[in-house]
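Read through the structure below, which is laid out as structure tokens, and then see the notes.
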Amino acid sequence: MSDELISRVTGVIAKSQKIPAETVTIDKTFEELKIDSLDGINILFALEGEFDVDIPDDAARGIRTVREMVEGIEKLLAAKSEAAETQQ
Amino acid sequence: MTRRVAVTGIGAISAFGHTFPELWDGLATGKSAIRPLTLVAPGALRFPNAAEVPGYDPNRYFEEKEALLLDRFAQFAAVAAREAVRASGIEFSPDLAERTAIVLGCSGGGKSTEDDGFHHLYGLKEPRVSPLTIARAMSNAGASRVSLEYKITGPVFTVSTACSSANHALGQAFRMVRSGEVEVAIAGGSEAPLSMGFLKAWEAMRVVSPDTCRPFSRDRRGLILGEGAAVLVLEPVERARARGAAILGEIAGFGMSSDAHHITQPSALGAARAMRSALSDAQVPPEAVGYVNAHGTGTLANDVTEAEAIHSVFGEHTRKLLVSSTKSMHGHALGAAGALEAAATLGALHAGLIPPTANFTASDPACDLDVVPNTPRPAHLECAISNSFAFGGLNAVLVLRRLR
């Protein structure tokens, strides 16, 4: 996972949570960042907008850490670029 | 003055059909009425299914011109009220109409009216919306329409507490009849939430199941939205007996509480306090309750929290308690939910048959209850409770009883 991707995801989380960007680091859990279930869906919504991806409910359900969130987005972006290549 | 409160009329329009007998017959067979959504274009949502009212044609129930004035949710209220009043056999003289209340629950109001108007404004870039928008969309349009039909001039209002709306409405109506403030009450709830804008908002909350509603089941994946209305006619037992009315059951108590915990996460403490308050109001010990019509939305959070609350209220008696969520069959009709479930619970008390929790596949150790999975179960019942717990942490519980 690239530093750029990590920085974009943590930036979205920080902006949604109204917390300083430097507090959102890759190894933090949602619990540590005081992200509850309602905050979680709000972050998913913001990430869908940021990366123009559709995050399925089932994929989102188990995510509890910043790292899992970045990994999830990475997978969706890979699937998206693969789909775009297939179409070409 | 404290009077016992009888139910002498029930009307319902739901995914099972346009009448209460169709609702009860459906629930009593244990078949779910959850089907593919037809009110919005397929493919636009993460979830394809809902519990829609089938074959609804406004012109069957309203003059063409009047139908234009009424959003779908207000029409449902009027259709259910008409059936309930007809069943009760009550004729409203001007004197009785002044001593009659109408209290209806509604969570969202005229969502499809707003959606349509705003589509013209933002989507089609038209500069205006219909002048009927406000009158159609206001959440009290259903209650007001019913008051016009019967010329009811007593207290008429709408209660809006999200998914608890109808239970709060029935509770207020029950207390007004019990105290003698009114002689008769027409009460329940109606909702028509299946418009694209509102469905998109539910989709974003990630609480709607991509297939069906499996309350208390280990593989539950969320709720299924429904629509419809149910209305009860309430009056003192003495009055019902004096006029020889058929008594369909009794509302024996009502309790409510607020979690003051979180805007969307449920709390077992708040839910338990509402159940205890309802039982205390009815002067019924927990051991006398045979059936719980659960809030049972089929979300991960609700069902485990509700199970914990039921255990804390009923203790050892939980083992003997039958619990089912009829939302597995008629969907979650939001502001109408409590009314459809009160109708279902009265049906269960009357028939001695528990409508099951449909679509159940595997038990969840965190929901350790007898949820009457998939198959209706005969049971002699005297007393039941019906739970409603809303977003916003607002809980409302009814105690219903067979009338000896």
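The values are calculated or read from the model by the stated rules, or taken from the named source; none is laboratory data. The structure presented is a predicted model; accordingly, all values stated were derived computationally and were not measured. Virtual Cβ from ideal backbone geometry, glycine too; neighbours counted across all protein chains shown.
The helices (runs of 4 or more DSSP H) found wholly in the range B:104-177 and carrying at least 2 residues that are outside the structural domain of B:ASP259 (by TED's automatic domain parsing) and in contact with a Leu (Cβ under 6 Å, 6 or more places away or on another chain) occupy B:141-150. In the range A:9-40, the qualifying residues are those that are buried (at least 18 other Cβ atoms within 10 Å of the Cβ) and β-branched (Val, Ile, Thr), and the one that is farthest from B:PRO48 (Cα to Cα) is A:VAL24. B:ALA169 falls short on exactly one of the conditions (1) crowded, with 23+ Cβ neighbours inside 10 Å; (2) in contact with a helix residue (DSSP H, G or I) (Cβ under 7 Å, 6 or more places away or on another chain); (3) within 30 Å of B:ARG239 (Cα to Cα), and that condition is (2).
Selection of the range A:46-58 for residues being over 10 Å from the mean Cα position of the chain (by Cα) and within 11 Å of chain B (Cβ to nearest Cβ) yields A:ASP54, A:PRO56, A:ASP57, A:ASP58. Applying the selection to the range B:283-298, what residues are buried (at least 23 other Cβ atoms within 10 Å of the Cβ) and farther than 12 Å from B:SER388 by Cα? B:VAL289, B:TYR291, B:GLY298 - these are the residues of the range B:283-298 that are buried (at least 23 other Cβ atoms within 10 Å of the Cβ) and farther than 12 Å from B:SER388 by Cα. Looking at B:PHE118, B:PHE216, B:PHE198, B:PHE157, just one residue is more than 14 Å from chain A (Cβ to nearest Cβ), surrounded by fewer than 18 Cβ atoms within 10 Å (Cβ to Cβ), touching a Gly at 6+ places or on another chain (Cβ under 8 Å) and among the hydrophobic types (A, V, I, L, M, F, W, C), and that residue is B:PHE118. Only one of the numbered conditions (1) out of contact with any helix residue (DSSP H, G or I) (no Cβ under 7 Å at 6 or more places or on another chain); (2) farther than 26 Å from B:LYS200 by Cα is violated by A:LYS80, and that is (2).
Answer with yes or no whether B:SER267 is within 14 Å of chain A (Cβ to nearest Cβ) and either crowded, with 21+ Cβ neighbours inside 10 Å or not hydrophobic (A, V, I, L, M, F, W, C) (or both). Yes, satisfied. Taking the range B:245-255 as the range and being surrounded by 22 or more Cβ atoms within 10 Å (Cβ to Cβ) and of a type in the set (A, V, I, L, M, F, W, C) as the test, the residues that pass are B:LEU248, B:ILE251, B:ALA252, B:PHE254.
Going by the structure shown, is B:GLY142 buried (at least 17 other Cβ atoms within 10 Å of the Cβ) and under 25 Å from B:PHE391 (Cα atoms)? Here the answer is yes, as B:GLY142 does meet what is asked. Quick check on the range A:72-86. Is at least one of its residues assigned to a helix (DSSP H, G or I), surrounded by 14 or more Cβ atoms within 10 Å (Cβ to Cβ) and within 11 Å of chain B (Cβ to nearest Cβ)? Within the range A:72-86, not a single residue is assigned to a helix (DSSP H, G or I), surrounded by 14 or more Cβ atoms within 10 Å (Cβ to Cβ) and within 11 Å of chain B (Cβ to nearest Cβ).
Just one of the listed residues (B:LYS327, B:LYS320) is basic (Lys, Arg) and either in contact (Cβ under 8 Å) with a residue 40 or more places away in the chain or buried (at least 24 other Cβ atoms within 10 Å of the Cβ) (or both), and it is B:LYS327. One residue stands out in the range B:123-175 among those that are at positive phi and in contact (Cβ under 8 Å) with a residue 40 or more places away in the chain: the one that is farthest from the chain's Cα centre (by Cα), namely B:LYS151. If you go through the range B:318-338 one residue at a time, do you hit one that is modelled with pLDDT of 95 or more, of a type in the set (Val, Ile, Thr) and in a loop (DSSP other than H, G, I, E, B)? Yes, the range B:318-338 has at least one match. Among the residues of the range B:33-47, those identified as more than 14 Å from chain A (Cβ to nearest Cβ) and in a loop (DSSP other than H, G, I, E, B) are B:ALA33, B:ILE34, B:LEU37, B:THR38, B:LEU39, B:VAL40, B:ALA41, B:PRO42.
Here the condition is being among the acidic types (Asp, Glu), more than 14 Å from chain A (Cβ to nearest Cβ) and over 20 Å from the mean Cα position of the chain (by Cα); of B:ASP303, B:ASP281, it holds for B:ASP281 alone.
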